[in-house]
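S.K.: Okay, handing you the structure first.
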Amino acid sequence: MKPVYMINGFLESGKTEFITYTLGQPYFQVKGKTLLILCEEGEIEYEEALLKKSRTVVELIEDEEEFTAANLVELEKKHKPERIIIEYNGMWNYKNMKLPWHWRIEQQITTIDASTFPAYYTNMRSLLAEMLRKSEMIIFNRCDGIEDLGAYKRNVKAINQQAEIIFEDSNGEIDTLFEEDLPYDLNSELLELDDLGYGIWYLDTLDHPDRYIGKTVRFTAMVLLPDGFPEGYFVPGRMAMTCCADDMAFLGFACRYEKASSLKQRSWVQVTAKVGKEYWEDYKGEGPVLSAVCVETAKAPANEVISFV
């Protein structure tokens, strides 16, 4: 079977940039020839040096009527490639595409220009849906200045629930959690945080504090009483492995509690607290600060260290 990598997307959606990046990666510098079939020509062209280095030959099929299994087989016979990349024309109905019987789609990726996505989603939804439906990865690029990326993700998930969705701006991939990805319901009166929930809540509170201001949370935590800490405060938190066993950090926010001085260092407690925001020196400005509603003695969890590995 001949492996095929299908790259979908409308014109100027970033297909060429993605393929160019892929061809330049060390993991793609493998033996054998790559046949790159272009179904349209955009503004960006492939550099000859890159094509030569990656042993890639380019063939152009501009008319949908010419994109037939017979013609594709002829190109295979001509170049004898080890793998095939198809930069498919987004205006061709993907449902009508026919590949040779011995070509197997190894991976299908759709690229989307986030700035034009609403127009395409509204006016060409059927064409877009055919591209998205079988894609394993969907890349939204040019996301600069777009606030409600969560709506874009929901639109795509309605068509393809299994796809990995990536958002990128001019600085690269956007590392963010959307409300629907959180392991708890932000509309609940009380957020009960297990080990996974605590780690996600902590990181998301740093990135999106306004989601949590006024919310009440409950979690099991280790008591930390730092030297020189203000009276009536302690830090409930968890040790976390963020990369490897040698990369450990204590994740916790300052918590106002009038009986903080009665707590024992490194003891375990169950904390129920309201999330607020106030000036804190470590933040060099305002940041998340908890106000304890209830602090009770608790047993140490089965896994005292949470992991992000």
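S.K.: Restricting to region 178-188, what's the tally of residues that are out of contact with any strand residue (DSSP E or B) (no Cβ under 7 Å at 6 or more places or on another chain), of a type outside the set (S, T, N, Q) and modelled with pLDDT of 90 or more? Break it down into steps so the answer makes sense when it comes.
M.R.: Of all residues in region 178-188, those out of contact with any strand residue (DSSP E or B) (no Cβ under 7 Å at 6 or more places or on another chain) come to 178-183, 185-188.
Those still in the list that are of a type outside the set (S, T, N, Q) too: 178-183, 185-186.
Next, only the ones that are modelled with pLDDT of 90 or more stay: 185-186.
Going through region 178-188 one residue at a time, the tally reaches 2.
S.K.: Does Ile200 satisfy the criteria of being out of contact with any Lys or Arg (no Cβ under 9 Å at 6 or more places or on another chain) and under 25 Å from Phe117 (Cβ atoms)?
M.R.: For Ile200, the condition - out of contact with any Lys or Arg (no Cβ under 9 Å at 6 or more places or on another chain) and under 25 Å from Phe117 (Cβ atoms) - is not met.
S.K.: For Glu48, work out the one condition from (1) more than 30 Å from Asn155 (Cα to Cα); (2) touching a residue at least 24 places away in the same chain (Cβ under 8 Å) it doesn't fulfil.
M.R.: Condition (2) is where Glu48 drops out.
S.K.: Count, please, the residues in region 14-67 that happen to be over 18 Å from Thr111 (Cβ atoms) and part of a loop (DSSP other than H, G, I, E, B).
M.R.: 12
S.K.: Further question: Residues in region 68-79: is at least one open to solvent by 100 Å² or more (accessible area, probe 1.4 Å), out of contact with any strand residue (DSSP E or B) (no Cβ under 6 Å at 6 or more places or on another chain), touching a residue at least 12 places away in the same chain (Cβ under 8 Å) and in a loop (DSSP other than H, G, I, E, B)?
M.R.: no
S.K.: Could you grab me the full set of residues in region 30-60 that are open to solvent by 20 Å² or more (accessible area, probe 1.4 Å) and either under 13 Å from His79 (Cβ atoms) or of a type in the set (Gly, Ala, Ser) (or both)?
M.R.: Gly32, Lys33, Gly42, Ala49, Arg55, Val57, Val58, Glu59
S.K.: Would you tally the residues in region 270-291 being out of contact with any strand residue (DSSP E or B) (no Cβ under 7 Å at 6 or more places or on another chain) and open to solvent by 80 Å² or more (accessible area, probe 1.4 Å)?
M.R.: Kept after step one, since they are out of contact with any strand residue (DSSP E or B) (no Cβ under 7 Å at 6 or more places or on another chain), are these residues of region 270-291: 281-284.
Now narrow it down to the ones that are open to solvent by 80 Å² or more (accessible area, probe 1.4 Å): 281-282, 284.
Looking only at that region, the number is 3.
S.K.: State whether the residues of region 297-309 include one that is under 23 Å from Thr176 (Cα atoms) and hydroxyl-bearing (Ser, Thr, Tyr).
M.R.: Within region 297-309 (the criterion being under 23 Å from Thr176 (Cα atoms) and hydroxyl-bearing (Ser, Thr, Tyr)), the answer is yes, since at least one residue qualifies.
S.K.: Across region 292-304, what is the number of residues that are surrounded by 14 or more Cβ atoms within 10 Å (Cβ to Cβ) and not β-branched (Val, Ile, Thr)?
M.R.: Residues meeting the conditions: 3.
S.K.: Restricting attention to region 82-119, report how many residues are surrounded by 21 or more Cβ atoms within 10 Å (Cβ to Cβ), within 19 Å of Val30 (Cβ to Cβ) and in contact with a Lys or Arg (Cβ under 8 Å, 6 or more places away or on another chain).
M.R.: So the answer is 1.
S.K.: List pairs: first in region 187-201 and open to solvent by less than 100 Å² (accessible area, probe 1.4 Å), second assigned to a helix (DSSP H, G or I), Cβ under 6 Å, 6+ apart or cross-chain?
M.R.: Taking only residues 6 or more apart or on different chains, the pairs are Leu193/Trp201.
S.K.: Hey, could you check region 10-27 for residues that are of a type in the set (Phe, Trp, Tyr) and surrounded by fewer than 18 Cβ atoms within 10 Å (Cβ to Cβ) and say which is nearest to Asp63 (Cα to Cα)?
M.R.: This residue is Tyr21.
S.K.: So which residues in region 129-155 are more than 17 Å from Glu180 (Cβ to Cβ) and in a helix (DSSP H, G or I)?
M.R.: Across region 129-155, the qualifying residues are Ala129, Glu130, Met131, Leu132, Arg133.
S.K.: Taking the conditions exactly as written (closer than 27 Å to Asn303 by Cα, without any contact (Cβ under 8 Å) to a residue 60 or more places away in the chain and loosely packed, with under 12 Cβ neighbours inside 10 Å), does Ser267 satisfy them or not?
M.R.: no
S.K.: Report every pair of residues separated by at least 6 positions or lying on different chains whose Cβ atoms are under 6 Å apart, first residue within region 288-308 and closer than 26 Å to Gly232 by Cα, second modelled with pLDDT of 95 or more and part of a loop (DSSP other than H, G, I, E, B).
M.R.: As it stands, the answer is Pro288/Phe253; Val289/Ala254; Leu290/Phe253; Ala292/Tyr257; Val295/Tyr257, since those pairs meet every condition given.
S.K.: For region 146-158, indicate whether the set of residues that are surrounded by 14 or more Cβ atoms within 10 Å (Cβ to Cβ), of a type in the set (S, T, N, Q) and modelled with pLDDT under 90 is non-empty.
M.R.: yes
S.K.: When both residues are 6+ apart or on different chains and their Cβ atoms are under 6 Å apart, which pairs have a first residue that lies in region 22-33 and is more than 12 Å from Leu51 (Cβ to Cβ), and a second that is part of a loop (DSSP other than H, G, I, E, B)?
M.R.: Pairs that qualify, where the first residue is more than 12 Å from Leu51 (Cβ to Cβ) and the partner is part of a loop (DSSP other than H, G, I, E, B), are Gly32/Glu82.
S.K.: OK, next. Quick test of your reading of the structure: Gly172 fulfils all but one of (1) open to solvent by less than 50 Å² (accessible area, probe 1.4 Å); (2) on the phi < 0 side of the Ramachandran plot. Name the failing condition by number.
M.R.: Against the list (1) open to solvent by less than 50 Å² (accessible area, probe 1.4 Å); (2) on the phi < 0 side of the Ramachandran plot, Gly172 comes up short only on (2).
The values are calculated or read from the model by the stated rules, or taken from the named source; none is laboratory data. A quick note: this is a predicted structure, and the numbers were derived from the prediction, not measured. Cβ: placed from backbone, ideal geometry, glycine included. Neighbour counts: every protein chain shown. Accessible surface areas use protein heavy atoms only, side chains included; no ligands, DNA or RNA. Shrake-Rupley method; radii C 1.70, N 1.55, O 1.52, S 1.80 Å.
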